[in-house]
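The structure appears below as structure tokens.
FYI, it's all coordinate maths here, none of it is from the lab. Predicted model only: the values in this text are computed from it and were never measured. Neighbour counts run over all protein chains shown; Cβ positions are idealised from the backbone, glycine included.
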Amino acid sequence: MSKTRYYLNCPADEEYMCAYLGAEWDPQCHHWFVPEQVDAERLKRWWPSETQFDELDIYMIGQEDVFQAE
């Protein structure tokens with residue numbers, strides 16, 4: 001079972017729609033993410049672009065490492 005999380009760039013006014021489609025909130029990172037059991041395509045609207053990784057700072061967390069956008 002993978003523990004990698006893919007974070008989304010969801011604005012506050014769309015968080016209910018994001019949650020309805022299956023995203024979950026990470027209270028530690030303060031971002032919505034795609035859980036393993038959810039098809040990521042459903043949440044494509046909020047996939048961050050490469051330039052938005054800089055704004056998010058964290059775009060995924062592995063088992064023990066935090067990967068930051070450079």
The simple spin-label model distance between residue 37 and residue 13, using points 7 Å out along Cα→Cβ, in nm, is 3.3
Taking θ as phi - 60°, what are the ³J(HN,Hα) couplings along the range 17-25 by the Karplus curve (6.51, -1.76, 1.60), each to the nearest whole Hz, with x for Gly and Pro? 5, 4, 5, 4, 7, x, 5, 10, 8
